[in-house]
Structures are given as C-alpha cells and as structure tokens.
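What follows is a short report on a single structure.
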Amino acid sequence: MLARQIVVSNPDGLVRDQDPLVLADIMQEPVRVALWDRPSPVGPEVVALACRQRLAIRSWLNADALAPALQELLPDPAYGPLREDLALLADMTTCLFGVEGVGVRVTALTKPMCPRFHVDRIPVRLLCTYGGPGSEWLPAPSVPEGLLVPGSCQEGRVEAAAIQRLEPGQVAFFKGENWDDQPGKGVVHRSPPVASGGERLLVTLDV
Ligand SMILES: [Fe+2]
C-alpha cells in the first residue's frame, strides 16, 4: 500500500483534506491539527432540538457496542443523524488509535461563553461542531508569549487574523499537551464566542 503523502502547512502543523483519511495524519510528528473538511451531516433542526433540550452528555463508548450505547444516550428518533455520525467518528477514532473505547461529550450551547485560550492536558481530542461557530485555534507562531499564564489578560493580545476557526461539520483532531510527552506542543485553542440566542452543538471524543 502506498503511504499517503503528507503536506503539512508549516509552521501551523495543519493538514486538511476532504478525504477522511487525512485524520490518520495526526499520528505524524509535524502534524498538530488534522482536519477533515466536510459539510455537516447533522441538520439545523437537530441542533435546534438539542439546544431546546439542553443536551449535555458525558459518557464512555465501547468500540464493540457503539450503536446500542448511542441509542441509550440519544433515544429520541430525531437524533438519528447525530447517532450515526457519532458512531462513525467513534469507530474511526478507536480504529486509528487501537483503543477499546473513547470518552464522549455532546454539548448544546445557547448562551455566550467567556472563551479563554488554553491547551488540553490530554494526548489528543476529536472535535466537531454541527451548528454555530466551531472551535478556534492558533498556529504556534501566532501564540504571544505568556498568553496562557493563568489569570493573565488575553484581551487584545492575539491578532484577529491569526485565529483559525473550524466550520460546522468539519472534524478535527487537536493534539494536547500529553501527546508524546512533549509539553508546550499542545494546540492552543478556545471555545468561540456564541452570540446570545445563537445555537451550537459540540461533540468531543477523547482517546
Ligand atoms: Fe480545550
């Protein structure tokens, strides 16, 4: 089998493609963000329902029982497309990393947040926002020194043009601080500001 040709947008560490195989590139050393560019498979009516119901799920999915677990977590028939996509993403993630399961969070948000740039102290996380603005992240060269110091003011310290934002439906792996024991290499990111009344449905999978 031919190896995929990796084209890393250095120094961002970003790989991006409409082919889902791009997600496997997160295993490569220069890559810090692997992004599968696709339209959202979950419609706005599902996002609206999740927001009305204030959906907030935090659970564990076993690779060998994804469908029944998701049926139990999201029994409403209207969540069919969400269940199907979660099963796909969880299957891809567990296969890629050779793990027995993943931690899942499904969160509906309708209120403005107070976003602060940070890194996650985990090896890697999959993110997908089905509706509303997606997660925002910074290429390493655009992270001002001291930005992540606890309690420091981040306001006005980051150039707006440097902020990358995931679009609805896009799937991304973000490397965290615990990937390969290389502190300081985690992707700096934040939740996007959500306008009052705006609707956002976020899914994360943790390996
Ligand atoms: Fe985070």
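List the longest stretch of the chain that has no exposed loop site; here a site is one of the GluC sites (Glu not before Pro) assigned by DSSP to anything other than H, G, I, E or B, with at most 14 other Cβ within 10 Å. Intermediate values should be presented prior to the final figure.
Details: sites that count: E100, E145, E155, E159.
In short, 1-99.
Would you work out the relative contact order for the chain, in percent, from Cα pairs under 8 angstrom that are 6 or more residues apart?
After rounding, I find 29 percent.
With an 8 Å cut-off on Cα pairs and a minimum separation of 6 or more residues, tell me the relative contact order of region 22-105 in percent.
Once divided by the residue count of region 22-105, the mean separation gives 33 percent.
Take E72 and Q182, extend 7 Å from each Cα along the Cα→Cβ direction, and tell me the distance between the two endpoints in nm.
The answer from the label model is 3.8 nm.
Residue by residue through region 166-173, what is 3J(HN,Hα) from phi via Karplus (6.51 cos²θ - 1.76 cosθ + 1.60, θ = phi - 60°)? Round to whole Hz and write x for glycine and proline.
Values per residue, Gly and Pro as x: 6, 8, x, x, 4, 10, 9, 9 Hz.
How high is the relative contact order of region 72-191, in percent, with contacts defined as C-alpha pairs under 8 Å that are six or more residues apart?
Over region 72-191, the number comes to 33 percent.
Figure the gain on full extension for V99 and Q28 (residue separation times 0.36 nm, minus the Cα-Cα span) and round it to one decimal in nm. Provide the component values of the computation, followed by the final result.
Working: separation 71, 0.36 × 71 = 25.56 nm, distance 1.79 nm.
That pair, V99 and Q28, stretches by 23.8 nm at full extension.
At 222 nm, what helix-only mean residue ellipticity would the chain give, in deg cm²/dmol to the nearest 500, using -39500 (n - 2.57) for each DSSP H run of four or more?
Working: 3 runs with 35 residues, N = 207.
About -5000 deg cm²/dmol.
For region 13-108, which trypsin sites (Lys or Arg not before Pro) are both in a DSSP coil and crowded by at most 13 other Cβ atoms within 10 Å?
Loop-located and lightly packed - R54.
Computed from the coordinates by the stated procedures, all read-outs in this text should not be read as laboratory data. Not measured: the values here are computed from a predicted model. Positions of Cβ are backbone-derived with ideal geometry, glycine not excepted, and every protein chain shown enters the neighbour counts.
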